[in-house]
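*Asks:* Just passing along the structure, written as structure tokens.
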Amino acid sequence: MTLSGNSPKILVTGGAGFIGSHTVVSLVNAGFEPVIIDDFSNSERSALDGLRAILGRDVTCYPVNCNDAEIMADIFRKEAPIGVIHFAANKAVGESVAKPLKYYRNNLDPLMLLLELMPQFSVQNFVFSSSCTVYGQPAQLPVTEETPRLPAQSPYGNTKAIGEDIIRDAIAAQIPVKALALRYFNPIGAHPSAEIGELPLGVPANLVPFITQTAAGIRPSLTVYGDDYNTPDGTCIRDYIDVGDLADAHVQALKKLIEAPAGASYDVINIGTGRGETVLNVIRTFEEATGVKVNYVIGPRRAGDVEQVYADVTKANRVLEWSARRSLAESLRDAWNWQKKLI
Ligand code: WQD
């Protein structure tokens, strides 16, 4: 798909990453021109090849760290974007416990720089990548945006909560930016073309890449972290959201921001399916969807895991006019097709 030279430009920090690259595809499909900013510290340049294969054209990419004020100001000046979607951040929960200062530096400094630069270059529309991790183990389920945030279980989770507060306070000080923080639940899947997907660098921490690597024989078996929770089959419950649906939610959020009157505004929105799935059901659904068996053993609980969390998506449906469309089976099939491409 080609774009006319005057398609509105959107800066996408972390645009070569898992969710970022899928959002780049959705942006192009919606008539925007994405401009990627990614230093490839937690992504691979091969994502750009995948994007070219899907889109039939190159996407502008600045291989820089979005924490460099001079470089970022030059990009704003040259590209004159109408919006920013900020994905770039470190997101490994375990690593954040071992290296908290890296997480506070990397996840918060670039955010504050963007909030300083956007008013300077009259960029009014901002979408921030947040996470359901801010809810901790909620007292009520499904979680709504009014569910109280609980103290973070990790420095990573804390950077998301603090990031939301930084945006909230900057908007309260009337910087002329309209901002939405999207609280993702558990992103899974890959583009149906298998040209882009989740690149777990190293041993995957997350469930679905571990399932696909086990199915591919890369890992001898999957350990299910505990089956003695107070859930139907004893395993934890999560809200697994297809990465393509999640990408579309970002485009909807951007469109609604662009349509809104100019000024300073901030809101948070849950992005999930609204359905909770147990770990064992994800495994079973993967096996049924792909015909491939997954070797797994039941192991001890993982420290820091919440028992169950899934979204109330009423607000996303109403405010964004968006809802998740892809089924768990479709997402797992796409994840498996992507894994087979990687082998
Ligand atoms: C899901 C379920 C595990 C691996 C984290 C972050 C969150 C977001 C998504 C960034 C849990 C179980 C997992 C395994 C298992 N990250 N599991 N065996 O912990 O819900 O969320 O990743 O934005 O912010 O907190 O996702 O995929 O790690 O775990 O049994 O080998 O699968 O116990 O119940 P999680 P996850």
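*Asks:* If the chain between V64 and L113 were fully stretched, how many nm would it gain, using 0.36 nm times the residue separation less the Cα-Cα distance?
*Replies:* Length gained, V64 through L113: 16.2 nm.
*Asks:* Follow-up question, since we're still on this one. Quickly estimate the mean residue ellipticity at 222 nm for the chain, helices only: each DSSP H run with n ≥ 4 gives -39500 (n - 2.57), and the total goes over all residues, rounded to 500.
*Replies:* -12500 deg cm²/dmol
*Asks:* Please list, ordered by chain and number, the residues whose modelled amide H lies under 5 Å from the amide H of E33; skip anything fewer than 5 residues away on the same chain.
*Replies:* Placed amide hydrogens put K9, I10 under 5 Å from E33.
*Asks:* OK, next. Given that compact globular proteins tend to follow 2.2 N^0.38 Å, what is the ratio of the alpha-carbon Rg of the chain to that value?
*Replies:* Ratio of Rg to 2.2 N^0.38 Å for the chain: 0.95.
*Asks:* Next up: So which GluC sites (Glu not before Pro) in the stretch 101-178 end up in coil per DSSP with only 15 or fewer other C-beta atoms within 10 Å?
*Replies:* Passing sites in the stretch 101-178 are E146.
*Asks:* I've got another one for you. Nothing charged except the Cβ atoms of Lys and Arg (+1) and of Asp and Glu (-1): what's the magnitude of the dipole of the stretch 101-221 about its Cα centre? Round to the nearest 20 debye.
*Replies:* The calculated dipole for the stretch 101-221 is roughly 220 debye.
*Asks:* Let me ask something else. Can you tell me how much longer the chain between I298 and T231 gets when fully stretched, taken as 0.36 nm per residue apart minus their C-alpha distance, in nm with one decimal?
*Replies:* Additional length available on full extension: 22.6 nm.
*Asks:* Based only on other Cβ atoms within 10 Å, what is the fewest-to-most ordering of Y225, Y135?
*Replies:* The fewest-first ordering by Cβ neighbours comes to Y225, Y135.
*Asks:* Mind pulling up the Rg/Rh value for the stretch 262-338? Radius of gyration and Kirkwood radius, both on Cα.
*Replies:* Rg/Rh: 1.09.
*Asks:* Past the 30 Å Cα-Cα mark, which pairs from K91/K340; K91/K178; K99/K256; K160/K315?
*Replies:* K99/K256
*Asks:* Which one of Y62, Y103, A170 is farthest out on the positive end of the charge dipole of the chain, using unit charges on Cβ (Lys, Arg +1; Asp, Glu -1) and the Cα centre as origin?
*Replies:* Toward the positive end, the furthest listed residue is Y62.
*Asks:* Related question: Taking every pair of distinct Cα atoms and averaging 1/r, then inverting, what Kirkwood hydrodynamic radius in Å comes out for the stretch 37-128?
*Replies:* Computed over Cα pairs of the stretch 37-128, the Kirkwood hydrodynamic radius comes out at 14.6 Å.
*Asks:* Moving on. Return a whole-number percent for the relative contact order of the chain, with Cα pairs under 8 Å and 6 or more residues apart as the contact set.
*Replies:* Answer for the chain is 19 percent.
*Asks:* Amide H to amide H under 5 Å from I298: which residues, 5+ apart in sequence or cross-chain, H placed 1.01 Å off N in plane?
*Replies:* Close amide H contacts, sequence-distant or interchain: V224.
*Asks:* Quick one: which residues, 5+ away or cross-chain, put their amide H under 5 Å from the amide H of V292? H built at 1.01 Å from N.
*Replies:* The answer is none.
*Asks:* To the nearest 10 degrees, how steeply does helix 69-79 sit against the main Cα axis of the chain, on a 0 to 90 scale?
*Replies:* With both axes taken from Cα atoms, the answer is about 70 degrees.
The numbers here are math on the coordinates, done by the rules we state, and not lab data. All of these numbers come straight from a predicted model, not from anything done at the bench. Virtual Cβ from ideal backbone geometry, glycine too; neighbours counted across all protein chains shown.
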